[in-house]
Amino acid sequence: MPNFKWAGNAEAIYEKSISATPFLFRSNTRDGLDTLLMERFGEKKKITEAALVEIIKENTPQAFLGRGMKAIAPLLTDPSLADL
């Protein structure tokens with residue numbers, strides 16, 4: 001995993017979004033999320049909860065998005081970020 005700079009609960013949300021993925025797809029999910037985060041933030045910019053949720057919403061298939069938001073909602077400082 002790259003050495004991302006996290007703000008707030010962003011790292012916990014990152015981990016939860018991966019662990020909420022079915023086991024067979026976790027590696028692909030982690031790799032894809034890491035790639036997206038590297039492209040947008042690199043290892044120098046802070047990744048906020050809101051920015052991470054935005055990336056998750058933009059890249060999660062619609063059929064799985066509700067379940068993903070439900071999984072990370074308890075970790076969000078602003079629960080409205082999980083609204084679809």
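The values are calculated or read from the model by the stated rules, or taken from the named source; none is laboratory data. Keep in mind the model is a prediction, meaning the values are calculated, not measured. Cβ sites come from the backbone with ideal geometry, for glycine too, and all protein chains shown count toward neighbours. Note: accessible area is taken over every heavy atom of the protein model, side chains too, but ligands, DNA and RNA are not part of it. Shrake-Rupley method; radii C 1.70, N 1.55, O 1.52, S 1.80 Å.
The set of residues in region 35-77 being open to solvent by 40 Å² or more (accessible area, probe 1.4 Å), free of Cβ contacts under 8 Å to residues at least 60 places away in the same chain, under 16 Å from Trp6 (Cα atoms) and not in a helix (DSSP H, G or I) consists of Glu43, Lys44, Lys45, Lys46, Thr48. If you go through region 16-32 and keep only what is out of contact with any Gly (no Cβ under 7 Å at 6 or more places or on another chain), surrounded by 13 or more Cβ atoms within 10 Å (Cβ to Cβ) and under 18 Å from Ala73 (Cα atoms), you end up with Lys16, Ile18, Thr21.
Just one residue in the set Ala7, Ala82 is surrounded by fewer than 18 Cβ atoms within 10 Å (Cβ to Cβ) and aliphatic (A, V, I, L, M); that residue is Ala7.
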